Every structure is written in structure tokens, then in C-alpha cells.
Amino acid sequence: MNQEHTTTENIIDYLHHELGPEADAALLLHLKSCAQCAAMYEEQARLSESLRAFARASERELPQGVVARIWDAVDAQAPQPSVTQRIAAFFRPAIVVPVAAVLVVGAFFGYSATHHASPMITIDAAYYLRDHASINNTMPFGESSVEPTSLRSDESASDQQWVASTGASAVAETR
Amino acid sequence: MAAPRKPFDPPSPEQTAFLERAIEQHGKATYNFALRLTHNEADARDLTQEAFIRVYRAWRSFQPGTSFVSWIYRIVTNLYRDELRRRKGRYQEEIPEDNAPQEYSGARPLAVEPIEDLVESQFGETMSKALAALSPDQRQVVVLADIEEYSYQEIAEIVGCSIGTVRSRLHRARQQLRKLVEHYSAKS
């Protein structure tokens, strides 16, 4: 090795510490004594150093957008719930209670709308105002007429009894 | 080795913590590795994202005591290779494996936003162009051997080939790279 020039391939392997111990030592010795091979070595070493310098100069931080996209993708790949789990989730109280309430109310009104009971007796408002109320007000002894709250009579015992029986005495005492 | 987690298993807190730690400790290195492989920021983002999703899914297959970085670089490498295969028909670009001098044709497969835009120095621009002009396989071994400083054995495991292939690919790549650097230096 000392006498013969080495090859570029050997120098590249030497640079990358890929020669066996003997070959490595022999090439080291040769490079010390051979200017031509030493120049070849320097050239290859410069190339390696240039690559590392370029790598250092062009080094970038990991963009935060990439990190966010990784987690988004991981979340998107989370296993989907089974059919049983979906059914169980559907019947959770937060959904079942309102749905049941809507169904009950809907059933009630639906039944009422489709099954008419006996017609209710109604009084036409116009009739009440025009006829019924006016008739009652003009009949002093009718059932709907206003009763007197008290009657006064000092002469008749029967009147006194009548007053007591109607509670008019209580009114008299408060006065 | 533990059995891989089934896809429909619900995530566990350990799995989430594993991913969180992986992103925190190795997210930057993974992104930069992807950036050097693709020479394109958008592709690097996609590769990094997809790699960490794979890590999340297969977290149980990671063996404690082994290098996490090597593991995720292998994932990135495989994803990148798949993506190149997928795009190969679209771009109709040859991926040279030999040492034939290769001029940049302008039909760069993954470079929409070249990394050279991000590097201010003239030297950085030259090196960036030279690296971008290498074939993906050549660029891969150069990045792993000279920037990441992996051994041939480790590169072979990451890339999925023999040590002999790594050695010959690296030799050709470096010779090619040297010519390209001279070429772009002379141009600038």
C-alpha cells in the first residue's frame, strides 16, 4: 500500500471508517508519505465537510402545522363505535327524556285531534252579552239576580229570624 | 417482539405519550431528513406527518434499546420510495443508478419549492442544486453517510439493501456530486 497509489473508493471508505483495522492503518501511513493520495483524500474530506456545513446551514425547525396535522390525523383514525355502542349512546337520558316527552305530548294532542268527544256546550258570546245577561238583569227575582246583602226591620219578629238565618246579624254587629 | 396493535384497538395513554415524546425528541431531525431527501418543503411535511402516523400505529413494534431515529428514518425512506414509484409514471423520469454524468433536466420529481431558496449563501445554493440533481437513491446514501454519519451497516438496514450496494452507491454518488458541485460552481 505504501508504494502504490490508493483508489478513490478506498479513501471514501477510509473517510467513513469502513476499512478494516489493518487496511485503515496502512492507508493512514500511505497518506503521510504520498502527496497525490493525500490531495485526493483532502478533496473527499472537503466534500464531506461541505455537505455537513450545508446541512447545518439549511437546518429547519419542525413546523407546528405538521405537528397539528399529525394529531388531527391520529384523532381522525380513532376507532369508530360499534353498532351496539351507537344504540347505547342513542338511549342515553339526555336524548331519551326529551324525545319521550315530545312523543307523549304528540300522542295526546294527536289522539284529541282524531277522536272527537261529545261536543261541549258552549255559549255564544254575542248571545250572552245581548240576551242572556240583559234578561237576567231585568228579572229582579230571577236565579241570577243579585240578592240583597241585608234587610232591616225592627217591627216583625219573623223579620228578625229571617235576618239571623241569612247572616245579616253578623253584618249588623260589625257596623 | 410484541404483536403489532390492531388498527381498531382504542388508543391507550401510553400510545399517545409515545407519539408525543417521539415528535418532541425526533420531530425536527425527521423533518430535516425528509427535507434533504425530497428537496421540497411540502413533500417533507407530508413525509414527516405520514411517518409519525406510522410510528403511532406501530408503536408496539419498536424495540426498546434500538435507535428510534434509525427506525423512523427507515419509515421515511420507505414512504419516500413508495411516493417516487407512485409519481414515476406521472413524471416519466429515469432514476439513474449508474455513474453516468447526469445533467439536471428540469423535470425534478419532487422539487416544487427547491430547498436552495432557503439557503442564502452561494455555496449553499451550489450544494443544494448538486444534491437535488442526484438520483433519489444516491442522495439518500449521501445524506445518511455524510450528513447523518451512519455506518454502511446502518444505512443498509435503513434503506433495505446490502452493505455492498450501499458502498457502491455511495462511491458513485460522491463522484457524481463532486462533478455537479464543480459544474454549478462554474455556472455561478
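The values are calculated or read from the model by the stated rules, or taken from the named source; none is laboratory data. Everything numeric in this text was worked out from a predicted model, so none of it was measured. Glycine also receives a Cβ, built like all others from the backbone with ideal geometry; neighbour counts cover every protein chain displayed.
Name the single residue, out of those in the range B:39-50 being free of Cβ contacts under 8 Å to residues at least 40 places away in the same chain and within 18 Å of B:I147 (Cβ to Cβ), that is nearest to the other protein chains (Cβ to nearest Cβ). Per the stated criteria, the residue is B:T48. One residue alone among B:R36, B:R60, B:R21, B:R54 is facing chain A (nearest Cβ under 9 Å) and either at pLDDT below 95 or out of contact with any Lys or Arg (no Cβ under 6 Å at 6 or more places or on another chain) (or both), and that residue is B:R36. Taken as a whole, the range A:15-22 holds at least one residue that is facing chain B (nearest Cβ under 8 Å) and either at negative phi or in contact with a Ser or Thr (Cβ under 6 Å, 6 or more places away or on another chain) (or both). Summed over the range B:63-74, residues that are of a type in the set (V, I, T) and either surrounded by fewer than 20 Cβ atoms within 10 Å (Cβ to Cβ) or more than 14 Å from chain A (Cβ to nearest Cβ) (or both) total 2. Only one entry in B:R45, B:R86 is surrounded by fewer than 17 Cβ atoms within 10 Å (Cβ to Cβ), modelled with pLDDT of 85 or more, in a helix (DSSP H, G or I) and not assigned by TED's automatic domain parsing to the domain that holds B:Q153, namely B:R86.
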